[in-house]
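The values are calculated or read from the model by the stated rules, or taken from the named source; none is laboratory data. What you see is a predicted model, and the numbers here were worked out from it, not measured in a lab. Methodologically, a virtual Cβ is constructed for each residue, glycine included, from the backbone with ideal geometry; neighbour enumeration extends over all protein chains shown.
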Amino acid sequence: MSSSRGSITLGELAGKITMLEIGCSKCDRRGLLRLDRLIEEHGAGIGLPVLGEILAGDCPKARTVSINDRCGVNFPQLPDLFIRPR
């Protein structure tokens, strides 16, 4: 599965970070994953929303129908990398 759907891709993060932070806004799951390993496993063209779905795959809330109850997988360091201060 390799789709960016217009989103930030792993390849765009190369050279900016070595570790990708992942977290969940609904629970205490947090972690750091090596960017080079993620690219090796999933490809540089994979979009972060798709990667988030893959990484949240074992979360009991990942596939719930209720949008309010769904897993809140996110990448906390991204705003600092892509949003320029005014």
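For segment 58-86, which residues satisfy the criterion of being assigned to a helix (DSSP H, G or I) and not charged (D, E, K, R)? Passing the criteria: L78, P79, L81, F82.
Kindly check whether there is at least one residue in segment 26-39 that is at pLDDT 80 or above, surrounded by 12 or more Cβ atoms within 10 Å (Cβ to Cβ) and within 15 Å of S7 (Cα to Cα). No. From the list P49, P60, P76, the lone residue that is more than 21 Å from G6 (Cα to Cα) and not basic (K, R) is P60. In segment 40-50, which residues are closer than 14 Å to L78 by Cβ and either surrounded by fewer than 17 Cβ atoms within 10 Å (Cβ to Cβ) or over 10 Å from the mean Cα position of the chain (by Cα) (or both)? Result: P49, single match.
In segment 51-86, the qualifying residues are those that are hydrophobic (A, V, I, L, M, F, W, C) and more than 15 Å from the chain's Cα centre (by Cα), and the one that is farthest from K26 (Cα to Cα) is I83. Take S66 and tell me if it is of a type outside the set (D, E, K, R), closer than 17 Å to P79 by Cβ and exposed (fewer than 14 other Cβ atoms within 10 Å of the Cβ). Spelling it out, it is not the case that S66 is of a type outside the set (D, E, K, R), closer than 17 Å to P79 by Cβ and exposed (fewer than 14 other Cβ atoms within 10 Å of the Cβ). Selection of segment 4-41 for residues being acidic (D, E) and either part of a loop (DSSP other than H, G, I, E, B) or in contact (Cβ under 8 Å) with a residue 60 or more places away in the chain (or both) yields only D28.
Listed by first and then second residue, the pairs with beta-carbon distance under 8 Å, at least 6 apart or on different chains, first residue in segment 45-57 and assigned to a helix (DSSP H, G or I), second charged (D, E, K, R), are P49/R5; V50/R5. Counting the residues of segment 6-25 that are surrounded by 15 or more Cβ atoms within 10 Å (Cβ to Cβ) and acidic (D, E) gives 1.
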